[in-house]
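Undergrad: What follows is a single structure, and I will ask about it in a moment.
The values are calculated or read from the model by the stated rules, or taken from the named source; none is laboratory data. Nothing here was measured: the structure is a model prediction, and the numbers come from that model. Positions of Cβ are generated from backbone atoms using ideal geometry, with glycine treated the same way; all protein chains shown enter the neighbour counts.
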Amino acid sequence: MRKTLTKNIMKKCDICRRQILINEHRFGSCDYCGWSNSEAALENPNEVLLSNFVSFNRARTLHTEGKPIIPNFEEFMEVLYQYGEMQFDYLGRTFGVIRGDVETGRNIDLFDVNKSDSYVKFFDYDDFRQNAKIDDKPLRDIWNEVIGVNFLQ
């Protein structure tokens, strides 16, 4: 049996322009800015696609402004819709969000990953968007203090 070798290529990151290593499928993550380079992001520069939680055009703007490439609240909601499980850090605590029903987007849970009794249930995306709170503050209002947005680990 013959092994297929992965061919790695050096190129400039599409966001920060530093040298990165990509594979033959043109995928590769930048260790400097965190962007996951992909042809799909270049072909759809205004869409939020998985592996990156912001659009290509917004990521370039954030980088140019010297800001971290993290999703705003609506981008977070879009990734949650696509993927179904996300996590984020707020004031030193890690929170998870899980979508229960893939077909309808219903049954969304918000919880502190370190507290087993912290689950708060929401009927659907609109209910979550309007009513999700941490420490009695609407999540959408404190989102600019959120860091470490990622897939649920």
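Undergrad: With the condition kept exactly as written, say whether any residue in the range 22-29 is closer than 20 Å to Val149 by Cβ and within 15 Å of the chain's Cα centre (by Cα).
TA: Within the range 22-29, one or more residues are closer than 20 Å to Val149 by Cβ and within 15 Å of the chain's Cα centre (by Cα).
Undergrad: Arg2 fails exactly one of the following numbered conditions: (1) out of contact with any strand residue (DSSP E or B) (no Cβ under 9 Å at 6 or more places or on another chain); (2) on the phi > 0 side of the Ramachandran plot; (3) of a type outside the set (S, T, N, Q); (4) at pLDDT below 90. What is the number of that condition?
TA: (2)
Undergrad: For the range 68-115, enumerate the residues that are among the aromatic types (Phe, Trp, Tyr) and within 13 Å of Leu139 (Cβ to Cβ).
TA: First pass over the range 68-115, keeping only residues among the aromatic types (Phe, Trp, Tyr): 73, 76, 81, 83, 88, 90, 95, 111.
Residues satisfying the conditions are Phe73, Phe76, Phe88, Tyr90, Phe95, Phe111.
Undergrad: Same structure, new question: When you look at Ile9, is it modelled with pLDDT of 90 or more and either more than 18 Å from the chain's Cα centre (by Cα) or of a type in the set (A, V, I, L, M) (or both), yes or no?
TA: no
Undergrad: Can you find, within the range 124-153, the residue that is surrounded by the fewest Cβ atoms within 10 Å (Cβ to Cβ) among those that are part of a loop (DSSP other than H, G, I, E, B) and touching a strand residue (DSSP E or B) at 6+ places or on another chain (Cβ under 8 Å)? Talk me through it step by step, then tell me what you get.
TA: At the first step, the residues of the range 124-153 found to be part of a loop (DSSP other than H, G, I, E, B) are 124, 132, 135-136, 146, 152-153.
Filter once more, so that each one left must be touching a strand residue (DSSP E or B) at 6+ places or on another chain (Cβ under 8 Å): 124, 132, 146, 152-153.
Working: Asp124: 15, Ala132: 18, Val146: 19, Leu152: 15, Gln153: 8.
Applying the filter and picking the extreme gives Gln153.
Undergrad: Taking Ala41 as the residue in question, decide whether it is of a type in the set (A, V, I, L, M), outside the structural domain of Arg140 (by TED's automatic domain parsing), in contact with a Leu (Cβ under 8 Å, 6 or more places away or on another chain) and assigned to a helix (DSSP H, G or I). Break it down stepwise before answering.
TA: Working: of a type in the set (A, V, I, L, M): yes; outside the structural domain of Arg140 (by TED's automatic domain parsing): yes; in contact with a Leu (Cβ under 8 Å, 6 or more places away or on another chain): yes; assigned to a helix (DSSP H, G or I): yes.
So Ala41 fits the description; yes.
Undergrad: Looking only at residues in the range 106-123 that are surrounded by 15 or more Cβ atoms within 10 Å (Cβ to Cβ) and in contact with a Ser or Thr (Cβ under 7 Å, 6 or more places away or on another chain), which one is nearest to Tyr83 (Cα to Cα)?
TA: Per the stated criteria, the residue is Phe111.
Undergrad: What is the number of the single condition among (1) among the aromatic types (Phe, Trp, Tyr); (2) crowded, with 19+ Cβ neighbours inside 10 Å; (3) in a helix (DSSP H, G or I) that Phe53 does not meet?
TA: It fails just one condition, (3).
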